[in-house]
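Taking it in order: structure first as structure tokens, then the write-up.
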């Protein structure tokens, strides 16, 4: 069974601070996704990374896939209250059905 | 609008009473999947389908059934629900397996 560990589990910061969330595994994945989930709603896809060492940027969010495709990080610059939510990473393999999700990082950004 | 829909959104039922949660997507996606989300346990995959008439077990399939007779629909069936199936359920779809998924709004199920 492939496992994904996210850290930290909880993060509470002030508006304007920077933060990094980590997603680690002992297994190799063909692709890794990051999602954001708000209370009472389904997860929303933020990004998919597929190449080892790949870096993708989405406004103030920077996503990196590890060279060995076993880990990933999400960096948020100048966090805003609207960034508050549960951040989930998920790993999968190309054309395979099984997806493995991390337990999530609950981020709270205080104004 | 591209979306995944689930019905019902909320359901309270009793032990042993068969129920079906419907899931439909309008994006012509080949891949669909069901997850349950529980506090402290994260999102766990129940069943997935790579295409019509092709389904397979995820990590927690016990007590659930699925079918994929049409590309757009992927219902989740609980033949004899039990209280340990009380959870928040999500349906998801993607163009192909291994890709980023679009999630439905969730179905909160309570089994008494």
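One table, with the values for the structure above:
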{"read-out": "Ranked list, fewest to most other Cβ atoms within 10 Å of each Cβ, for A:65, B:102", "value": "B:102, A:65"}
{"read-out": "Computed over chain B: relative contact order in percent, which uses C-alpha pairs under 8 Å that are six or more apart", "value": "36 percent"}
{"read-out": "Modelled FRET efficiency - R0 41 Å, residue A:59 with residue B:10, Cβ distances, 0.05 increments", "value": "0.75"}
{"read-out": "Sequence of B:79, B:1 once ranked by neighbouring C-beta atoms within 10 Å, starting from the fewest", "value": "B:1, B:79"}
{"read-out": "Whole-angstrom gap from the range B:13-37 to the range A:3-29, using each part's C-alpha centre", "value": "29 Å"}
{"read-out": "Average partner coverage of A:97-108, which counts Cβ from other chains inside 10 Å", "value": "5"}
{"read-out": "Relative contact order [Cα under 8 Å, 6+ residues apart], chain A, whole percent", "value": "36 percent"}
{"read-out": "Length-normalised contact order of the range A:56-100 in % [C-alpha pairs under 8 Å, at least 6 apart]", "value": "23 percent"}
{"read-out": "Where Rh is the Kirkwood radius over Cα pairs, Rg/Rh for the protein assembly as shown", "value": "0.98"}
{"read-out": "Estimated FRET transfer efficiency when R0 is 22 angstrom, pair residue A:26-residue B:95 (beta carbons, to 0.05)", "value": "0.20"}
{"read-out": "For the range B:1-91, projected area of the alpha-carbon convex hull averaged over all directions, nm²", "value": "5.8 nm²"}
{"read-out": "Per principal axis, descending, Cα span of the range A:1-105 in whole Å", "value": "38, 30, 20"}
{"read-out": "Footprinting exposure proxy for B:50, B:32 (fewest neighbouring C-beta atoms within 10 Å first)", "value": "B:50, B:32"}
{"read-out": "Alpha carbon centroid spacing (whole Å) that separates the range B:60-112 from the range A:43-110", "value": "23 Å"}
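No value in this document is a laboratory result; all are computed from the given coordinates. Just so you know, these numbers come straight off a predicted model, no measurement behind them. Cβ atoms come from the backbone with ideal geometry, glycine included; neighbour counts cover every protein chain shown.
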